[in-house]
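The structure appears right after this line, and notes come after that.
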Amino acid sequence: MSAQNTRVLPYGPEAIAEAARLIGEGQIVAVPTETVYGLAADATNGEAVARIYEAKGRPSFNPLIVHVKDIGQARGIGRMEDAAEALARRYWPGPLTLVLPLLDGAPVAALVTAGLPTIALRMPAHPAMRDLLEAVGRPLAAPSANASGAISPTRADHVLSSLSGRIPLILDGGPTEHGLESTIVALTGGAPRLLRPGPIDLGLAPSGSGAIEAPGQLERHYAPARPLRLNALEAQVDEWLIGFGAVPGDSTLSASGDLIEAAAKLFEMLHEAGRQDRPRIAVAPIPDQGIGAAINDRLSRAAAPGR
Ligand code: TXA
Ligand code: MG
């Protein structure tokens, strides 16, 4: 990734218009929410979402929260049953994230959920994020706007010190109100489960051992059910080969060897491979640099025996 000039604009109509323009181009922008600053991208655009992971320098793919402008937009993405409707009506807009079953054909790139059949949704209260959602007209994926391993930013200068040179724009809306990430509740069947405590206390006990922070719990879901061979230069008879660059394959993550494109397509290609008649999957070598490290992390977990 080439270094870029990071501008900081005070929140206002011009800054929102510029942020919406960049997001419409598939770029990523740091925006204040009432919890922490988020790093926002068009959730329908896989390559834009890949740029989030690249900018954060995240060595693996974690599912991201998708921000919606209203309950109607949420209903078009996740399955909102009575409990979800009730929580959304009571706490939205606000610092509550609902993990819901992902609707078939929902307009969200597979990389957003890291291939999971569930999706985290929240309608934010901060006027900057709400204006941006309105201006873009699409749901926005946004994790906290910090480099991987750093703490969540509650002021524009925290974002700048963490991500300067890696993103084009920071909207400065001053310090955030809560300074703590949203409460996350899973409504994916059975009783509601608290996945992350936060500003809204629903009186639920934390489920398991911090659930979402323990990536192992999620990994079980997104490993393909089939054997996966890495660093393959050609397919064996019973294999579906996912290519990259000079290795063509039955499908390809990126014919031109572009790692952003490869990250954006990874989960779709794994799902597609899992639907083929050939019982095994092979994947071409992926360079271990930049976001390639996150791709390789995901692939090596998916290839680990015992799955
Ligand atoms: O307050 C917030 O929630 C902030 C602002 C920007 O909205 N966002 C935020 O995002 O904290 P992030 O990506 O740093 O944290 C999202 C958490 C991760 O721990 C992730 O594992 C979990 O949400 N998550 C996302 N989708 C999930 C899913 N389908 N199932 C379980 N956990 C999920
Ligand atoms: Mg975070």
Q.
Cut-off 17 Å, label point 7 angstrom out along Cα-to-Cβ of Val8: give me the residues of segment 175-204 whose amide nitrogen falls inside.
A. 175-177
(Q) Could you work out [θ]222 nm for the chain from helices alone, using -39500 (n - 2.57) per DSSP H run of at least four and dividing by all its residues? Round to the nearest 500 deg cm²/dmol. (A) -9000 deg cm²/dmol
Q. Working out 0.36 nm times the residue gap between Leu233 and Glu25, then minus their Cα-Cα distance, what length gain in nm do you get to one decimal?
A. 71.4 nm
Q | For peptides 125-138, 181-194, 7-20, sequence by mean Cβ density within 10 Å, most packed first | A | 125-138, 181-194, 7-20
Q: Based on alpha-carbon positions alone, could you give the equivalent ellipsoid semi-axes of segment 40-186 from the gyration tensor, as √(5λ), descending, whole Å?
A: 24, 18, 14
Q. For segment 1-80, what does the alpha-carbon gyration tensor say about shape, rounded, prolate or oblate, given a ≥ b ≥ c as the root eigenvalues, a/c under 1.5 as rounded, and a/b over b/c as prolate?
A. oblate
Q | Rounded Å value of the spacing that divides the Cα centres of segment 241-265 and segment 32-68 | A | 22 Å
Q. So what's the projected area for segment 64-114, the Cα convex hull averaged over all directions, in nm²?
A. 3.4 nm²
Q: Using per-residue counts of other Cβ atoms within 10 Å, averaged over each peptide, order 168-175, 39-46 from highest down.
A: 39-46, 168-175
Q: Go through Thr252, Pro287, Leu270 and say which Cα lies farthest out towards the positive end of the charge dipole of segment 228-303; charges sit on Cβ, +1 for Lys and Arg, -1 for Asp and Glu.
A: Leu270
(Q) Can you compute the FRET efficiency between Ala225 and Asp104 using 1/(1 + (r/R0)^6), with r the Cβ-Cβ distance and R0 = 22 Å? Round to the nearest 0.05. (A) 0.70
(Q) Give me the percent relative contact order of the chain, please, defined on Cα pairs under 8 angstrom at least 6 residues apart. (A) 23 percent
Q) So what's the net charge close to Arg7: Lys and Arg +1, Asp and Glu -1, counting the other residues with Cβ under 14 Å from its Cβ? A) -2
Q. For the chain, how big is Rg over Rh, using alpha carbon atoms and the Kirkwood form of Rh?
A. 0.97
Q) Which percent, nearest 5, of DSSP beta bridges in the chain are antiparallel? A) 45 percent
**Q.** Gain on full stretching of the segment that runs from Glu268 to Ala205 - 0.36 nm per residue minus C-alpha separation
**A.** 19.2 nm
Q) Expressed as a whole percent, how much of the Cα-Cα distance distribution for segment 228-303 exceeds 20 Å? A) 17 percent
Q: Pop the C-beta distance of Arg278 and Ser161 into the FRET formula with R0 = 45 Å and round what comes out to the nearest 0.05.
A: 0.40
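Just so you know, all these numbers are worked out from the coordinates, no wet-lab data involved. Remember, predicted model here, so these are calculated numbers, not experimental data. FYI the Cβ positions are ideal-geometry reconstructions off the backbone, even for glycines, and counts take in every protein chain you see.
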